[in-house]
Amino acid sequence: MLIRVGTDRPVASSDITPRSLWLRRREFLAAGAGLGLGLAGFGARAATSPYSTDEKPNSRADITSYNNFYEFGTDKSDPAAKAGRLKTKPWTLRIDGLVEKPADYALEDFLKPFSMEERIYRMRCVEGWSMVIPWLGFPLAEAIKRAQPQAGAKYVAFETLVRPEEMPGQRSFPKIIPWPYREGLRLDEAMHPLTLLATGLYGEPLPNQNGAPLRLVVPWKYGFKGIKSIVRMTLVAEQPKTSWNMIAPDEYGFYANVNPGVDHPRWSQATERRIGEGGLFAKRRPTLMFNGYESVASLYSGMDLRANY
Ligand SMILES: Nc1nc2c(c(=O)[nH]1)N[C@H]1C(S)=C(S)[C@@H](COP(=O)(O)O)O[C@H]1N2
Ligand SMILES: [Mo]
């Protein structure tokens, strides 16, 4: 078990409690691992991964109060205010399409074979802001392997829950998005070890506004690829339709790789504002190619990333 304890990160006295608790629990877990203790409970088995950044995570307050989740409204504050009513238990996940083992899983059964690990990832929204989020999850690749893709499977299509009774954004008219929210990955992107299915953050189950009970995290792509509250994953032969690409194809592509050299038609993508680095004079940070996850470059060798934005 590989655990890196965040002792390099000073805990400010102004820091809110959940984050300090999380840091202390990590030290405790590291000690427990050294003694070979098996610790029970949510997140207790989570090891920190070498894929994690050592940048300082955003506060839990930032991560859970500044959200995009249009099923609950278009303001950043809407998901935190309105997602509490979403019922995430029971939850059924369908895996179908070009697989040997299609199934409707109760979420607990789906998750049973996988062990959760912590992944501290940068997240860059296409709107020009970013955060650092300590996810709990496991590689999507493991779930795909279990489903046994057929030779013809080239992409994975994802869908979010449709439940207007609990999702006020799905009741608004005219529709902002043709529900369900849809996303997709090429199969090799889906199988990349950085690509995560997340069930938690800061060592606890995902808050509803962050996409409970199960969401996708693809850290080298713009945040909108990280579809929340997933109910279906379908292996398909052709590139699937994806929500933002359907709404504004000139502005949001299928690939959506973070790329400081390819601007959005209405704004530059060269820099970003890190949430939490407040103040009128906070300097914008330079945006990094593939959001700094350069190991993915080989997935796109020979591709024109300006044409395939
Ligand atoms: N179902 C669904 N998933 C979604 C969205 C959404 O509106 N609906 N917004 C996306 C966008 S634009 C971003 S930036 C991230 C935000 O994730 P966070 O709120 O957990 O930071 O979720 C993505 N996943
Ligand atoms: Mo976003």
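Could you tell me whether any residue of region 241-258 is of a type outside the set (Gly, Ala, Ser), loosely packed, with under 15 Cβ neighbours inside 10 Å, closer than 26 Å to Gln150 by Cβ and modelled with pLDDT of 95 or more? So that I can check it myself, show each step before the final result.
As a first pass, look at region 241-258 and keep what is of a type outside the set (Gly, Ala, Ser): 241-242, 244-247, 249-252, 254-255, 257-258.
Add one more test, that the residue is loosely packed, with under 15 Cβ neighbours inside 10 Å, and what stays is 241, 246-247, 249-251.
Among the residues that remain, those that are also closer than 26 Å to Gln150 by Cβ are: 241.
Those left that are additionally modelled with pLDDT of 95 or more: 241.
Within region 241-258 (the criterion being of a type outside the set (Gly, Ala, Ser), loosely packed, with under 15 Cβ neighbours inside 10 Å, closer than 26 Å to Gln150 by Cβ and modelled with pLDDT of 95 or more), the answer is yes, since at least one residue qualifies.
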task = Can you run down the residue pairs with Cβ atoms below 6 Å, 6 or more apart or on separate chains, where the first is in region 195-214 and under 16 Å from Val231 (Cβ atoms) and the partner is within 12 Å of ligand 1 (Cβ to nearest atom) and of a type in the set (Val, Ile, Thr)?
result = Ala198/Val217; Leu214/Ile230
ask   = Just wondering, is there one or more residues in region 285-298 that are among the basic types (Lys, Arg), assigned to a loop (DSSP other than H, G, I, E, B) and surrounded by fewer than 16 Cβ atoms within 10 Å (Cβ to Cβ)?
value = no
ask   = Looking at region 69-155, what strands (runs of 3 or more DSSP E) fall wholly within it and have at least 1 residues that are charged (D, E, K, R) and farther than 23 Å from Tyr222 by Cα?
value = 92-97, 103-106
request  = Could you look through region 225-240, keep only residues that are buried (at least 21 other Cβ atoms within 10 Å of the Cβ) and within 21 Å of Pro79 (Cβ to Cβ), and pick out the one that is nearest to the chain's Cα centre (by Cα)?
outcome  = Gly226
query = Within region 222-262, how many residues are within 16 Å of ligand 2 (Cβ to nearest atom) and outside any loop (DSSP other than H, G, I, E, B)?
reply = 9
remark   = With criteria (1) farther than 30 Å from Glu277 by Cα; (2) assigned to a helix (DSSP H, G or I); (3) modelled with pLDDT under 65, Gly41 comes up short on (2)
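Given the criteria in contact (Cβ under 8 Å) with a residue 12 or more places away in the chain and more than 15 Å from ligand 2 (Cβ to nearest atom), does Pro219 qualify? Please lay out each step first, then the result.
Working: in contact (Cβ under 8 Å) with a residue 12 or more places away in the chain: yes; more than 15 Å from ligand 2 (Cβ to nearest atom): no.
Taking the combined requirement at face value, the residue does not satisfy it.
The values are calculated or read from the model by the stated rules, or taken from the named source; none is laboratory data. The structure presented is a predicted model; accordingly, all values stated were derived computationally and were not measured. Glycine also receives a Cβ, built like all others from the backbone with ideal geometry; neighbour counts cover every protein chain displayed.
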